[in-house]
Amino acid sequence: MKKARSAKVSLVGAAVLFSLTLFPGGASFGIDVPSAASPSSPAAPSFDAADEESLVVDALWAKFKALPVGKRAKVALVLGGGGARGLAHVGVLKVLRQEGVPVDMIVGTSVGAIVGALAAADVPTDEIEKMGAEIGWNKLTDYSKSNLVKLLVSEELLSTKKMEDYLHRMFGDKTFADLKTPFACLSTDLRTGEQIILREGNVALAARASATMPGVFQPVPYRHRLLVDGGIVDNVPTDVAKLLGADVIVCVNVPPDFSRNAPSNVLTTLNQAIYIQGQVIVQERLALADVLIEPQVKDVNAFELWKSKECMAAGEAAARKAMPALRKALVSRFFKSRMKQ
C-alpha cells in the first residue's frame, strides 16, 4: 500500500475499526471495508488518502449526529456582533438545521444574541428568514432622522424597547430556562465596564441589552446594572462557550471592511470606533474556534438592514462551503476522545 494512503490510518483506519465496537454491525455505515484481494480479483477502485478520509467522514457523520450529547462532543454555536451583517447568521442557521448539525448551546453577542435567542427558542427557520427580510430600524428602535436630530439637540437618547417587544411577539415571554437549546448572551455594564454573561431571566430583555449601542440608545436597566452592547467587551464570545463546557466551537464572524465604507454620520462613526477598539480581543477569540465561518458581507454597513436578503444568502453560502470541514472536525474530535478512553 502506498505511504500516502497508510498515513491516514490514524483517522480512517482507527475510525472504522473503533466504529465496529461502538456501533454493532459496522456495515450499517454504508461503506464497504475492502478485504485483501486475491490475484484473480478485479482491480479495486483507486482512491487517494484524501478520498478515503472523505468517504469515512461522510459515512460516520450520520451516526455521529444521531448520538446523544453524553456520547459525543458538546457543540457550541457562537454568533458574533456586526449589525446588519449579522443577518448572515440566519443563513448559517438554516444550513446547520438542514444538515442536522447538533447544536448543544448557543452563545451570542449583539445581533448574534438576537438571532441566537430566536434559534434557542426553536423559532422555525422560515419565520426567522421572514423576520430578517422584513426587519427595519423602525421595528427595533425609535430611530428616525427626526429623532436623531432630537438626540443631537436635546441629548435625549433613543430607545430599543421596540426590539424587546418584537422578540416577545416572536417567541413569547420566555425565560432562559424555557428555551429548547441552552443559550447565553453577552452585555457590557456601562458603570463598571464588566462583561456580563446573561443566562437567566427574560430572554427578550437580555437580547435587547446585548444589542443596545451606547451613545445613541438608552442603556437597558437590568437589576442593579445599566447594560449596553456586548460587542464592546467581547464581540465574538468563543471564550464564554469554552467556559460553559463546549468541546467543539463553531463560530460565525461577520467583520466589516472599513476601507469600503467610510463613516458618514454619527452612528457609523461611533460603530466603527467601537469595532476598531475590540479588534485585538476578536483575534484572540477567533483562535478558540474549531470551525470558523465568515460570510462575505464585509462591504455591508452595520446599519444597512435593507441588505438583509443579501446577508442571509451570504451566510447560507458560507455555511455550505464550511460543511465538509465542520463534519470532519466533529467526527475527528469524537474519535480522538474515544480512543483515549
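The values are calculated or read from the model by the stated rules, or taken from the named source; none is laboratory data. Keep in mind it's a predicted model, so treat the numbers as computed, not measured. Please note: Cβ atoms are built from the backbone with ideal geometry, for glycine as well, and neighbour counts cover all protein chains shown. These accessible areas exclude ligands, DNA and RNA; they are computed on the full protein's heavy atoms, side chains included. Shrake-Rupley method; radii C 1.70, N 1.55, O 1.52, S 1.80 Å.
Here are some notes:
- In plain terms, the C-alpha convex hull of region 80-128 casts an average shadow of 3.1 nm² when viewed from every direction.
- Solvent-accessible surface ranking, highest first, for THR212, THR125, THR269 at 1.4 angstrom: THR269, THR125, THR212
- Nearest-0.05 FRET efficiency for LYS321 and LYS162, computed from C-beta distance (R0 30 Å): 0.30
- With θ taken as phi - 60° and the Karplus curve 6.51 cos²θ - 1.76 cosθ + 1.60 applied, the whole-hertz 3J(HN,Hα) list for region 56-63 is 5, 4, 4, 5, 7, 4, 4, 5 Hz, x standing for glycine and proline.
- Packing-based ranking of 219-225, 58-64, 166-172 yields 58-64, 166-172, 219-225, ordered from highest to lowest mean Cβ neighbour count within 10 Å.
- Cα centroid separation - region 185-202 against region 59-126, whole Å: 22
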